[in-house]
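Asks: Structure provided below as structure tokens; questions to follow.
Coordinate-derived values only; no laboratory data. The structure displayed is predicted, hence computed values, not measured ones. Neighbour counts run over all protein chains shown; Cβ positions are idealised from the backbone, glycine included.
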């Protein structure tokens, strides 16, 4: 093969090309958002970026769907292009090119690819008899299905396959088995995450059969060169889009192709990993082309632990999400909530929790408090101090640490971990701002007041830059509030890392950055947190009051509740009443370590209830401060554990 060429100043990312039998769904949105994040992240390093997406428009499934709709296949696929492009535009997907496999240049290039492989002897005519899955356009081998006469299920989608018998052209996939295994061994990070790589390697080691790449029983496809009876099998057609889109097969675009190829990362779902990790590398080896650097294989999005399906009635429409929450908050939710190395469960409750807690409370409220307070005291132009206090220097050190950790996570494509690290820093900025009490400094210590504003503004500026790939429109709005704009000249991350915090900010009051959703959508409580509600009763009598047992207890142990954005699991000592487990939604205001050893007031005679699968036997009393932070109610002086309030 041609030696792998390094293009340090370029980044080429692709999505799968989507099968156009329906409008975009949440799964296709997720893949495309991940690709957009990757593209925008590399733009921050001033790289030349090519971001490819598009549609897969040939095959038996398309032909059948078109006939059912009373349209020709071309009319049928044409009807879906605008919905895809419009949806991606509204979700701020900034792709470079949208390829269609019905594009003439693509069809000619695929035919050229076949002719080259036929001359090499890698494609030959024979006869196929076996099982075929029409929905997945997949031939099912005996070892995957069954050697009996009973129709096996497709290993990808689970549907029953059909028996087919026809003349076909085969690609000599078996000839590349050892080469593929050698490549996997030499490139252990080719498939991300590694769990997917193990599955692929084991499959290849089990033995590869030659691959059918043509059909005679359908007509909707790219005509097979030199044989009018055949059309090209859809995967042999579709996978080549990654090279045809950037000029392969076009003499006039040879230099363009050589610059962009190989792809830096193909982003795809786990259900099509075999096609991309086995067939596609073998196709490229047959052409003596370098292989892609990485496959980022993400899991499925489930709803109530089930894969989205019309039959389950749980398909989530991106259009509804867009109208209800807006593009950037949905993008943030998908990237933060869905770990790329596992399946992720979707719920409207979680969407609204993320928007309310992370975006509105943590980030939006911080920006609003700082700008409002500054302008109230006529401080619009914020200059950096000549000397920083110890607290500000500590925050700056955390800023540098965040950038270092963030770059590693983004390099590894672990975007959910990257966002979690940014939010840890946002919590630190909130703690700094609140702890310095700038509303008091503004009255008597103006220099200290301005220092707090400057440190907070520097922190928010960095947050806006690193979150721009995920929420481009909202982060540009945040930057505008600081008097700044996004700049893509030069290495933006390097500039942040080398910043001595000497910027000047011009603060402006803009529109509210993030609006809290008006209501929480109720879902089955088997998989969601219990939601506490305020009492609507205007008055109670003394008998009602005496029923409530308020006791003082000491929090001996505390830990975060997995998969919860707000709950801490507390073990509370009530003296002679013993220890009790109580869950409390204070995680956004206190870390687990901060509450250990605190005496606090609890309601102890509540009926036990399950929260996130854990039993809670009481309730911690808190008050909400002006800045929306929970404040634990504590006795004025230490008292014995178990003391009752009167």
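Asks: Order these peptides, 48-57, 387-396, 208-217, by their mean beta-carbon neighbour count within 10 angstrom, highest first.
Replies: 48-57, 208-217, 387-396
Asks: Here's something else I'd like to know. Which percent of the Cα-Cα distances in the stretch 10-298 go past 25 Å?
Replies: Result: 47 percent of Cα pairs exceed 25 Å.
Asks: What share of the DSSP beta bridges in the stretch 10-298 is antiparallel, in percent to the nearest 5? Mind showing how you got there, number by number?
Replies: Working: 19 of 38 bridges.
Within the stretch 10-298, antiparallel bridges account for around 50 percent of the total.
Asks: Consider just the alpha-carbon atoms of the stretch 158-245 and return their Rg together with their Dmax, both in angstrom.
Replies: Looking at the stretch 158-245, its Cα Rg and Dmax stand at 15.9, 43 Å.
Asks: Rounded to two decimals, what is the ratio between the C-alpha radius of gyration of the stretch 165-304 and 2.2 N^0.38 Å? Provide the component values of the computation, followed by the final result.
Replies: Values: Rg = 16.2 Å, N = 140, 2.2 N^0.38 = 14.4 Å.
Expressed relative to 2.2 N^0.38 Å, the Cα Rg reads 1.12.
Asks: Could you rank the peptides 615-621, 240-246, 546-552 by their average count of other C-beta atoms within 10 Å per residue, with the highest value first?
Replies: Packing proxy ranking, top to bottom: 240-246, 615-621, 546-552.
Asks: Take the alpha-carbon centre of the stretch 359-436, take the same for the stretch 552-615, and report the distance between them in whole Å.
Replies: So the separation of the two Cα centres works out to 28 Å.
Asks: Which value, to two decimals, describes the C-alpha radius of gyration of the stretch 430-504 once divided by 2.2 N^0.38 Å?
Replies: So the stretch 430-504 has a normalised radius of gyration of 1.22.
Asks: Okay, moving on. Please compute the length gained on full extension between residue 605 and residue 390, using 0.36 nm multiplied by the number of residues separating them and subtracting their Cα-Cα distance.
Replies: 72.8 nm
Asks: Using Cα pairs closer than 8 Å and at least 6 residues apart in sequence, work out the relative contact order for the chain, in percent.
Replies: 12 percent
Asks: Now for a separate question. Could you tell me what percent of the DSSP beta bridges with both partners in the chain are antiparallel, to the nearest 5? Kindly include the intermediate steps, with their values, before the conclusion.
Replies: Working: 49 of 71 bridges.
Taking every DSSP beta bridge with both residues in the chain, the antiparallel ones total about 70 percent.
Asks: Moving on to the next point. Determine the calculated [θ] at 222 nm for the chain from helices alone, applying -39500 (n - 2.57) to every DSSP H run no shorter than 4 residues and normalising by the residue count; nearest 500 deg cm²/dmol.
Replies: -11500 deg cm²/dmol
Asks: With the Cα gyration tensor of the stretch 382-532 in hand, give its eigenvalues times 5 under a square root as the equivalent ellipsoid semi-axes, listed largest first in whole angstrom.
Replies: Each semi-axis is the square root of five times an eigenvalue, giving 28, 21, 16 Å.
Asks: Same structure again: Taking the Kirkwood radius as the inverse of the mean 1/r across Cα pairs, report the Rg/Rh of the stretch 542-632.
Replies: Rounded to two decimals, Rg/Rh equals 0.96.
Asks: Any chance you could list the semi-axes, whole Å, largest first, of the equivalent ellipsoid that the Cα gyration tensor gives for the chain, using √(5λ)?
Replies: Equivalent-ellipsoid dimensions as semi-axes: 53, 31, 21 Å.
Asks: With an 8 Å cut-off on Cα pairs and a minimum separation of 6 or more residues, tell me the relative contact order of the stretch 10-298 in percent.
Replies: About 22 percent, as a whole number.
Asks: Now a separate question. Given 4 °C and 1.567 mPa s, compute D for the stretch 316-463 with the Stokes-Einstein relation, Rh being the Kirkwood radius over Cα pairs; round to the nearest whole µm²/s.
Replies: So the translational diffusion coefficient is about 77 µm²/s.
Asks: Quick one: compute the contact order of the stretch 542-632, relative version, from alpha carbon pairs under 8 angstrom and 6+ residues apart, as a percent.
Replies: 27 percent.
Asks: Find the centroid of the Cα atoms in the stretch 51-109 and in the stretch 250-270, then give the distance between the two in whole Å.
Replies: 20 Å
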